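To keep things clear, I will list the structure first and then write my remarks on it.
The values are calculated or read from the model by the stated rules, or taken from the named source; none is laboratory data. Just so it is clear, the model here is predicted, and its values are computed rather than measured. Heads up, the Cβs are rebuilt from the backbone with ideal geometry, glycines too, and the neighbour counts pull from every protein chain shown.
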Amino acid sequence: METFILIGITGIGLGALYFLVASGLSLIYGLMGVLNFAHGSFLTVGAFVGFWVASKMGFETTIPEFLLAMIIGGLAAGLFALLIEQLLITRLYERHIDQALVTVGVSLVVGAVLGGWFGNDLRMFPTPMWFLTAIDIGGAQIPADRVIYISTAILLLIGNWALLKFTRIGLIIRAGVENRHMVDALGINVRKAFSTVFFLGGFAAGVGGVLVSVYSNGVSPLIAGSYLIYGFIVVVIGGMGSVPGSFLAAMLIGIIKQFANYYATGLGDFVVVILLAVVLLIRPQGLLGKVRA
Amino acid sequence: MSALTVKNLHVKIGESHILHGVTFDVPAHKVTALLGRNGVGKSTTLKSIMGLYQGTGSIELDGLQILGTPTYKIAQAGVAYVPEDREIFSTLSVRENLTLASRNKNNGDAYKNIFELFPELDTRAAQLAGSLSGGQQQMVAIARALLNENEILLVDEPTKGLAPKLVTEVANALVKVAHKTTMLLVEQNLALVKRIAENVIVMDQGRVVFQGGPENLNDPAWVHQMLGVSGGHK
C-alpha cells in the first residue's frame, strides 16, 4: 500500500511539472493557433533566472527565498515570452509553417547562447533543506519537494481559472479561443489578449523551469527537452485551449507513467505514447477539448 | 446623405475573384436590403465592410475611409455586425456574451432596451449560449450588436434556418430596430424585406445590378428576373 501511495503521489508531482509546461502551450495554441516550439526556451530562461536569483542567496535557500526565486524566474520567462511575441510572432499570425520554423529557431538560439555562456553541465539549484526531507503519508515516505510541485500547479490552475472566469481579459481570452475574428468584430483588439496569454504562458513555463531544475537535480540549457515533448502530449490529450483539460491530462500522464515505470520497468514513455494514440483515435479533440467548426 | 459608400470594391479569396467592382450607397437612417441569389457575394460584401476580408477600392463610413482598417477599429468606429451563422460564443453565458460586446460601462439603458426587445435573454442570462435554440441565439447575436451606439448595423440573413414563429419574432425585433438605426440587411425572406426595406440593392455575380426603391419587389416578373425566385405577391 505504501508503494502504491508513493508512486501515486510522485506521479501527481510529475504531472504537476507537465501541467506547468503545458498550460501556457495550450492557451497559446487555443487562442492564437500558434504552435510555439519556443516554449521550452521560456522554461529554460525561467530556470536560469531563478537559479541566478537563488544563487545570490547562497548554496542553500530558505523556503521564502526559493519561492521568490521561482516567482522572479517566472516573471523573467513571462517577459521573455512577451518579447518573442512582440518581435517575432505578431508578424507571423496565420502563417503556421513560418511560426514553427521561427519558434524552433528561437529555442535553438536560446539553447546555444546559454550553452556557450554556462556550458551544458548540470548546476545544482540552491534549494531549502526541507526539500530533502520526506513526509509520511499513509506510511509512504513522500519527498517533500513534491508538495511544492503539486501546490504550485494547483495554485496556477486556480489563478488561471479565476483570471479566465472573473476578469474582462479572461472573458476576451475565452471568447477568442472560440472565435477570435468575432471578438475583433465586436470592437476588441484581440491581439492585446494574445500578449497577455503569451506572458502568462511564459510565466507558468518559467515557474515550471525552476521546479524542473529542482526535480532534475540541477539547471542546464538542455533541461526543457523532454518536458516540452510531454507538454505537447498533455495539450493534445487534454484538448487544445483547455487549461482544466491540460491539468487532467498532466495528472493522468504523470500517474500512469510512474506506475508503468515501476510495474513494467522503463515502459513509462511507451505507455504514454499508447495513451496518446488511444485518445487521438477515440476523442481527437482531447479529453476536455471542443470540436472546432 | 449616405452613411456608407462602397466604390469599386474588388475582393479575392484565395484564387477566386468574388467581388468585381461593387459600388453602392447606404442612405443614413434607412434600411437598405442587399439581395441576390445564393453565392453572388452578399455575405462577402458585409465581411469586407467589416474588414474580415481584404480588398481594393473604397469603403467610406460617414466620409471616413475604412478599407484596410483593422476589424476592431471598424467596429469601434460604429459598424455593428450580425453574422450569417450568428457566431455567438457558445461556451459563454448569455450575460457574458453581452458583457463582452458592451464597450461602454454605463449603458444600463442599452441593456434595458435589449431586454424589452428580447425578454427571454433576461430570463436566460445565466444559460450557456451554446445551449439556446437557434432563434434565441439569433436574439443574442442581434442584442450584442445593439449594445453600443452604432453608425450602421450590418445584418446577414437573420431569419435563416429559423422556425416560422421565430422568424416572426426576429422580424418584429428588426422592425423596431429599423426605426432607430441605419441598417444594411442581407435577407432571403422577401416578406420581411418588403416590411422594412426603404432601399434595395441587387447583386449578381459579384456586381451590383440594381439600386433603387423597394417598389419593384411587388412585381413578380422583376423579382423572378432579378432574384430567381417567385415572391412578388408575398
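Test B:Arg86 against the criterion of being surrounded by fewer than 16 Cβ atoms within 10 Å (Cβ to Cβ), modelled with pLDDT under 95, within 30 Å of B:Leu166 (Cβ to Cβ) and within 14 Å of chain A (Cβ to nearest Cβ), and give yes or no. Show your work before the answer.
Numbers: surrounded by fewer than 16 Cβ atoms within 10 Å (Cβ to Cβ): no; modelled with pLDDT under 95: yes; within 30 Å of B:Leu166 (Cβ to Cβ): yes; within 14 Å of chain A (Cβ to nearest Cβ): yes.
The answer is no for B:Arg86.
Quick grid of which residues meet (1) buried (at least 21 other Cβ atoms within 10 Å of the Cβ); (2) more than 16 Å from the chain's Cα centre (by Cα):
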| site | (1), (2) |
| --- | --- |
| B:Ala126 | no, yes |
| B:Ser133 | no, yes |
| B:Arg144 | yes, no |
| B:Asn148 | no, no |
| B:Val167 | no, no |
| B:Ala173 | no, no |
| B:Leu185 | yes, no |
| B:Arg195 | no, no |
| B:Glu215 | no, yes |
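Quick check on my filter: what residues within segment A:154-172 are more than 27 Å from A:Tyr230 (Cβ to Cβ), in contact (Cβ under 8 Å) with a residue 12 or more places away in the chain and crowded, with 21+ Cβ neighbours inside 10 Å?
Hit for segment A:154-172 is A:Ile172, nothing else.
Output the residues belonging to segment A:89-104 that are among the hydroxyl-bearing types (Ser, Thr, Tyr) and either more than 14 Å from A:Ala38 (Cα to Cα) or touching a Gly at 6+ places or on another chain (Cβ under 8 Å) (or both). Full working, then the answer.
Looking only at segment A:89-104, we keep the residues that are among the hydroxyl-bearing types (Ser, Thr, Tyr), and these are A:90, A:93, A:103.
Within segment A:89-104, A:Thr90, A:Tyr93 qualify.
Could you tell me whether B:Ile201 is under 15 Å from the mean Cα position of the chain (by Cα), surrounded by 15 or more Cβ atoms within 10 Å (Cβ to Cβ) and within 25 Å of B:His20 (Cβ to Cβ)?
Working: under 15 Å from the mean Cα position of the chain (by Cα): yes; surrounded by 15 or more Cβ atoms within 10 Å (Cβ to Cβ): yes; within 25 Å of B:His20 (Cβ to Cβ): yes.
In short, yes.
Checking the conditions here, which among A:Phe59, A:Phe66 is at pLDDT 90 or above and of a type in the set (A, V, I, L, M, F, W, C)? Give the derivation first.
On the way: A:Phe59 fails: at pLDDT 90 or above.
The match here is A:Phe66.
What number of residues within segment B:166-203 are modelled with pLDDT of 90 or more and among the small types (Gly, Ala, Ser)?
1
Can you tell me how many residues within segment B:40-74 are over 25 Å from B:Gln205 (Cα atoms) and not in a strand (DSSP E or B)?
So the count comes out to 8.
Of everything in segment B:31-53 that's without any contact (Cβ under 8 Å) to a residue 60 or more places away in the chain and touching a helix residue (DSSP H, G or I) at 6+ places or on another chain (Cβ under 8 Å), which residue is farthest from the other protein chains (Cβ to nearest Cβ)?
Filtering segment B:31-53 for residues that are without any contact (Cβ under 8 Å) to a residue 60 or more places away in the chain and touching a helix residue (DSSP H, G or I) at 6+ places or on another chain (Cβ under 8 Å), the one farthest from the other protein chains (Cβ to nearest Cβ) comes out as B:Tyr53.
Scan segment A:173-186 residue by residue and report those that are part of a helix (DSSP H, G or I), without any contact (Cβ under 8 Å) to a residue 40 or more places away in the chain and within 7 Å of another protein chain (Cβ to nearest Cβ).
First, the residues of segment A:173-186 that are part of a helix (DSSP H, G or I): A:173-185.
Now drop any that are not without any contact (Cβ under 8 Å) to a residue 40 or more places away in the chain, which leaves A:174-175, A:179, A:181-185.
Those that are part of a helix (DSSP H, G or I), without any contact (Cβ under 8 Å) to a residue 40 or more places away in the chain and within 7 Å of another protein chain (Cβ to nearest Cβ): A:Arg174, A:Ala175, A:Asn179, A:His181, A:Met182, A:Asp184, A:Ala185.
Is it the case that segment B:92-106 has a residue that's out of contact with any helix residue (DSSP H, G or I) (no Cβ under 9 Å at 6 or more places or on another chain), modelled with pLDDT under 95 and more than 19 Å from A:Glu178 (Cβ to Cβ)?
yes
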